[in-house]
Amino acid sequence: MSELFIQGPNKLSGEICIHGAKNSTLPLMAASLLCDNECILHNCPVLSDVDTSLKILRYLGCRVQRLGNDVAIDPSSADQCKIPDSLMREMRSSIIFLGAIVSRMGKAELSFPGGCELGPRPIDLHLLALRKMGVIIEEDHGCLKCSAPDGVKGTCINLSFPSVGATENIMIAASCAKGTTIITNAAREPEIWDLADFLNSCGAKIYGAGESTVVIEGVKSLSGCEHRVIPDRIAASTFLAAAAITGSTLTVSQIIPEHIAPVIPILEECGCHFDISKSSMKITAPKRLGRVKSVRTMPYPGFPTDAQAPVMAMTTLSDGTSVFIETIFESRYKHVGELLRLGANIKVEGRVAIVEGVSRLSGAPVEAADLRGGAALVVAGLAAQGVTQISGLKHLDRGYESLEKSLASLGADIKRI
Ligand code: EPZ
């Protein structure tokens, strides 16, 4: 298994173009299944999760082509309604295919999804909503047998929590349903807007995406379209954290600054300055970061849980005590034990983590246990004295497109061996 070797400390400089968003590409690929003809997605990141979605689409009978960051999906030949357990286990997002398959095929058979171990990740909100839309769901030995003999019906759905995945599954299932669906307490993440933009370009009637109430008037059919995936706001936040911890000046481009707005005040609080333009931002970090009073992860437009780990790594070298409260996932601090190996000083009490800034980190062998935790180890490793050796790269490759090449292009001494 290849590993990353970072010789630190490093200074970064120059400009990094941010790739398309993983968490937008995956639901868009599932939604393409609703169309009668070809969809073309531009700015698709080259990631193992995207490859898994391509495998699922091919397994369902779609014709799929990939050319660099462009993916063409022709669902007109799709004739399957089952997804093998092996593919379902590869990622959490596989569950988003449920709404699309039931809507297209009138039935679906799949197992419970896999993905990052962030504590319990139930799908009860997905199933509750689809059942309300007339889908009959039998849960049997870890398998979900679903059918909609009278078709999927529009209805009112109030989500007890603004789940991103459940909102996406409902929007997809409702797009070609009979009647109108109204989702209240819907997720408001930029990836939800992007999905609505895509489906509306295919002929859907979705209103209010990005707000807490989303209205979807079901239509008879959808036809394919061309769509550009939004930039990855979490990848951008990770590069900003890397620039901050290394005291660097860096330009992050091909982004939508508004999507990163929940993260900026945190970096400003610890002394970073920003020069923001329409599609890029320049960060100038101080020689030593100040502390961050408290970071509470929340649904969008709150601070994103996916940026918690890289930003926590950033505060390990700050001057003072920073407090993190993880409200979205039960156990999303697996990176803490590995950061301690690099010399960080962090105490965890349930969902609260207290980071006492230290004056130096020193390189050591560490292991990524999940995607964003892996990114945290890279951020810390860039500033650590000596060699940081990171294993468990399969997690990183799920969400970052050749991270080491990007960082090396910014001047980092980093190799994958
Ligand atoms: C999406 O996951 C993202 N994944 C996650 O990013 C992200 O952390 C999360 O949203 C929150 O922003 C993708 O978009 C592929 P949720 P998702 O449903 O849809 C509970 C990354 O690093 N819940 O909003 O799974 C759930 O347990 C990944 O890129 C239920 O209880 O997130 C969690 O505590 C990791 N029942 C909370 O809601 C349900 O039916 C948020 O989950 C669904 C969710």
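The values are calculated or read from the model by the stated rules, or taken from the named source; none is laboratory data. Values in this document were obtained by computation on a predicted structure and should not be read as measured data. Note that each Cβ is placed from the backbone with ideal geometry, even for glycine, and that neighbours are counted across all protein chains shown. We work out accessible area using only protein heavy atoms, side chains counted, and drop any ligands, DNA or RNA first. Shrake-Rupley method; radii C 1.70, N 1.55, O 1.52, S 1.80 Å.
The lone criterion from (1) crowded, with 22+ Cβ neighbours inside 10 Å; (2) under 22 Å from F112 (Cα atoms); (3) within 16 Å of the ligand (Cβ to nearest atom) left unmet by C44 is number (2). Selection within segment 337-392: residues that are of a type in the set (K, R) and either open to solvent by 30 Å² or more (accessible area, probe 1.4 Å) or over 24 Å from R92 (Cα atoms) (or both). The member of this set that is farthest from the ligand (Cβ to nearest atom) is R360.
When restricted to residues that are within 14 Å of the ligand (Cβ to nearest atom), of a type outside the set (G, A, S), farther than 17 Å from C146 by Cβ and touching a strand residue (DSSP E or B) at 6+ places or on another chain (Cβ under 8 Å), segment 169-189 contains 4.
Within segment 284-330, the set of residues being in contact with an Asp or Glu (Cβ under 6 Å, 6 or more places away or on another chain) and open to solvent by 20 Å² or more (accessible area, probe 1.4 Å) comprises R288, G290, Y300, T321.
Just one residue in the set A380, A353 is of a type outside the set (D, E, K, R) and not in a strand (DSSP E or B); that residue is A380.
Within segment 128-147, the residues that satisfy the criterion of being within 19 Å of I182 (Cβ to Cβ) and either more than 16 Å from the ligand (Cβ to nearest atom) or open to solvent by 30 Å² or more (accessible area, probe 1.4 Å) (or both) are L128, R131, K132, G134. Against the test of being polar (S, T, N, Q), under 24 Å from K220 (Cβ atoms) and touching a residue at least 40 places away in the same chain (Cβ under 8 Å), the options S32, S24 yield a single qualifying residue, S32. The lone criterion from (1) over 23 Å from A174 (Cβ atoms); (2) within 16 Å of the ligand (Cβ to nearest atom); (3) open to solvent by less than 10 Å² (accessible area, probe 1.4 Å) left unmet by V71 is number (2).
Residues that are among the small types (G, A, S) and under 24 Å from the mean Cα position of the chain (by Cα) were ranked within segment 57-84; the one that is nearest to R104 (Cα to Cα) is A72.
Rundown of residues vs (1) touching a strand residue (DSSP E or B) at 6+ places or on another chain (Cβ under 8 Å); (2) open to solvent by 20 Å² or more (accessible area, probe 1.4 Å), yes/no style:
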| residue | (1), (2) |
| --- | --- |
| L67 | no, yes |
| P75 | yes, no |
| D79 | no, yes |
| P84 | no, yes |
| R89 | yes, yes |
| R92 | no, yes |
| L98 | yes, no |
| S103 | no, yes |
| K107 | yes, yes |
